[in-house]
Amino acid sequence: IEAGSSTSPADEVTAILEDSKGRLWVGRFGGGLDRQDQPGEPFRRVKLSPDPREFTGILRIVEGTDGALWLGATEGLLRHDPVSGRTESFLHDPARPSSLGRGYVFALLVDGAGQLWVGTGGGGLHRLKLDGSGFDRFPVRPGDPTTPSDDFVTVLYEDRAGRLWEGTRSGGLNLIDSETGRAQRIPVVPTDPNALAHHYVTSILEDARGELWIGTGGGGLARLVSLDANQGVRFERVTARDGLIDDDVMALAEDDDGSLWVSTRQGLTRFDPRRGAFVSYGLAD
């Protein structure tokens, strides 16, 4: 798929989703949203707003339980109905405490109960109210360790046990109670080999064996070993010293054979956790 002969913001693909009907949606930074209904068909632009200058930077796409798409954008949050073509926007309004917080919408999650969670870069963690009238906000409160550790949310993830994980840019990892919004802050201790090594959490993945992996922007990978109340939270680190091509991990995906594809700023590593084997690919490949 070629976006054009020259590199431009519209060429930067920032979000991809295959929905429950097999349609492919592609979000671009500066280029809006494209849709492909069947493999091999051309992509077509989706009109999201009467003003084409608005809502062009699509950073995240998730599908709701009703088939509508939730789009995290540079300007806020969008709900797009593929059937009617209608798009509803949710924007930051300083005069409305229940509005979406400020910042780019980097993280979206529809949890097992069908609730929508939203993380913004600067506005923190939000949960859409059941009646759709606004958001419950869960901001950082100085001196209150039961609130999230940072208001710049980078990733939201629900594991198979129903636990809600929040990754942040400067505050590491939080475990969120999905009913109350109370947070358990996971310590970041670079000098402790059993702790997270870096405060910038970029990706979270639970593999087919139930192992939870945390990617960080500077501390490599971390595998959750224990959440035991007595032993505390413990991790096992996998870094460039072990075989990763780089410790700036940006994204994670699992292959059918159980190996992990680890995207980094310096290239791609295929990591087999069972054998401890690494194969890396750089620009020369």
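The values are calculated or read from the model by the stated rules, or taken from the named source; none is laboratory data. Just so it is clear, the model here is predicted, and its values are computed rather than measured. Methodologically, a virtual Cβ is constructed for each residue, glycine included, from the backbone with ideal geometry; neighbour enumeration extends over all protein chains shown. Side chains are part of the model used for accessible areas, which takes the heavy atoms of the whole protein and leaves out ligands, DNA and RNA. Shrake-Rupley method; radii C 1.70, N 1.55, O 1.52, S 1.80 Å.
A few notes on this one:
- Ratio of Rg to Rh for the range 36-138: 0.97 [Cα atoms; Kirkwood radius as inverse mean 1/r over pairs].
- Between LEU108, PRO145, GLY167, the Cα set farthest toward the positive side of the dipole of the chain (charges on each charged residue's Cβ, about the Cα centre) is that of PRO145.
- The modelled label-to-label distance between MET250 and GLN266, using points 7 Å beyond Cα along the C-beta direction, is 1.5 nm.
- Cα→Cβ-extended label distance, 7 Å offset, between LEU91 and ALA161, nm: 4.2 nm
- Diffusion constant of the range 128-178 at 20 °C, which comes from Stokes-Einstein with the Kirkwood Cα-pair radius and 1.002 mPa s, µm²/s: 179 µm²/s
- Estimated Rh, the range 54-98: Kirkwood, alpha-carbon pairs, angstrom: 11.2 Å
- Two-site FRET efficiency, VAL83 against ASP242, from Cβ-Cβ distance with R₀ of 45 Å, rounded to 0.05: 0.40
- Options (1) 31; (2) 40; (3) 22 - which one matches percent of Cα pairs over 34 Å apart as calculated here: (3)
- Using the alpha-carbon positions of the range 156-207, Rg (one decimal) and Dmax (whole number) come out as 11.3, 34 Å.
- Accessible carbon and sulfur surface of the range 139-285 relative to its total accessible area, %, 1.4 Å: 45 percent
- About its Cα centre, the range 49-195 has a charge dipole of approximately 220 debye under the convention of +1 per Lys or Arg Cβ and -1 per Asp or Glu Cβ, with nothing else charged.
- Dimensions of the range 189-270 along the principal axes, based on C-alpha atoms and rounded to the nearest Å, stand at 37, 27, 20, largest first.
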